[in-house]
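Q: Quick one: the structure is below, and I'll ask about it shortly.
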Amino acid sequence: MQDMNWEVFLAPYGQVVEELKVKLKGMRAQFQYESRHSPIEFITGRVKPTSSILEKAKRRNIGRNHIEEEMQDIAGVRVVCQFVDDIYTVIDMLKSRNDFVIVEEKDYISQKKESGYRSYHIIVKYPVETIHGEKNILAEIQIRTLAMNFWATNEHSLNYKYAGQIPDKIKSRLKRAAEAAFKLDEEMSQIRGEVQEAHLIFQHKKK
Ligand code: 0O2
């Protein structure tokens with residue numbers, strides 16, 4: 001794996017991340033043009049750093065020749081929504097598209113992870129044009145609320161700080177925080193209509 005030209009290997013992944021971001025931002029803009037509540041609040045994306053690819057390959061016992069087909073999150077795009085219902089609107093919109101194929105879905109919302117992590121992951125096979133022809137690239141689209149994102153970002157930083165060995169005391173606090181974030185999402189869903197109306201009035205005023 002040492003001799004691998006990572007720049008060349010990762011180039012199509014970078015292109016997929018950029019293309020998916022443009023397309024998802026386009027979806028968000030269409031809602032805004034029509035003065036409708038956008039189920040998408042914001043979008044981010046990244047290509048997994050080489051060090052993380054190597055670490056995951058080692059942990060999962062994935063050989064060099066199998067990274068492409070076995071590592072599904074080298075290209076990653078994150079869609080952050082205001083409300084839990086928006087997540088399902090985004091999922092439906094993704095399912096109705098025909099510019100990529102969905103190969104797997106991971107519902108960590110109804111089945112939260114042991115850490116407390118909640119999010120909906122969709123793995124897609126995305127055809128990207130290269131100078132050598134079409135190449136199908138696996139990409140992971142994570143869809144989550146602002147509250148889930150807040151939690152996941154903080155937990156991710158703590159995991160990094162403690163090299164994956166978060167002390168038990170902090171772990172249990174994180175679990176409590178995950179439940180609080182879930183409660184917040186539930187409460188916000190109850191007043192969703194009011195919040196959306198307020199946002200539209202505010203946007204209209206800005207124009
Ligand atoms: P980064 O920095 O986002 O790239 P694995 O990657 O082995 O944990 P799997 O099954 O290959 O698991 O993929 P899965 O479950 O879809 O998770 C991949 C990504 O989901 C992670 O990528 C995180 O972004 C996110 N994720 C999954 N579980 C957790 C969690 O408990 N806490 C947080 N904060 N994020 C999680 P990376 O590579 O870990 O990070």
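Read-outs throughout are calculated quantities, based only on the coordinates presented, and are distinct from any laboratory measurement. This structure is a prediction, so every number in the text was calculated from the model and none was measured. Note that each Cβ is placed from the backbone with ideal geometry, even for glycine, and that neighbours are counted across all protein chains shown.
Q: Could you state the number of Å between the C-alpha centres of region 1-38 and region 56-90?
A: Region 56-90 and region 1-38 have Cα centres spaced 13 Å from each other.
Q: Please identify every one of the chymotrypsin sites (Phe, Trp or Tyr not before Pro) in region 131-168 that sits in a loop by DSSP and has no more than 14 other beta carbons within 10 Å of its own beta carbon.
A: Here the sparse-neighbourhood loop sites are Tyr162.
Q: Taking θ = phi - 60°, what integer Hz values does the Karplus form 6.51 cos²θ - 1.76 cosθ + 1.60 yield along region 191-197, in sequence order, with x for Gly and Pro?
A: Computed from phi, the couplings for region 191-197 are 10, 3, x, 4, 5, 4, 4 Hz.
Q: How high is the relative contact order of the chain, in percent, counting Cα pairs under 8 Å that sit 6 or more residues apart?
A: Computed over the chain, the figure is 20 percent.
Q: Taking amide H positions as placed 1.01 Å from N in the peptide plane, with prolines and chain starts having none, which residues 5 or more places from Phe42, or on another chain, fall under 5 Å of its amide H?
A: Val80
Q: Using the Karplus curve 6.51 cos²θ - 1.76 cosθ + 1.60 with θ = phi - 60°, what ³J(HN,Hα) values do you get for each residue of region 162-178, in whole Hz, with x for Gly and Pro?
A: Result, rounded to whole Hz: 9, 6, x, 10, 5, x, 3, 4, 6, 4, 6, 5, 4, 5, 5, 5, 5.
Q: Show me the GluC sites (Glu not before Pro) within region 1-39 that DSSP assigns to loop and that have at most 12 other Cβ atoms within 10 Å of their Cβ.
A: Passing both the DSSP loop test and the Cβ count: Glu34.
Q: Rounded to the nearest 500, what is the 222 nm mean residue ellipticity of the chain from helices alone, with -39500 (n - 2.57) per DSSP H run of 4+ residues and division by all residues?
A: Per the formula, -17000 deg cm²/dmol.
Q: Another question, if that's okay. Compute for region 1-153: radius of gyration divided by Kirkwood radius, i.e. Rg/Rh, restricted to C-alpha atoms, rounded to two decimals.
A: Result for region 1-153 is an Rg/Rh of 0.98.
Q: I've got another one for you. Rounded, prolate or oblate for region 139-207? Axes are the square roots of the Cα gyration tensor eigenvalues, ordered a ≥ b ≥ c, and the cut-off for rounded is a/c under 1.5.
A: Prolate.
Q: Can you tell me how region 69-170 classifies by the Cα gyration tensor, rounded, prolate or oblate, using a/c under 1.5 as the rounded cut?
A: The shape class here is oblate.
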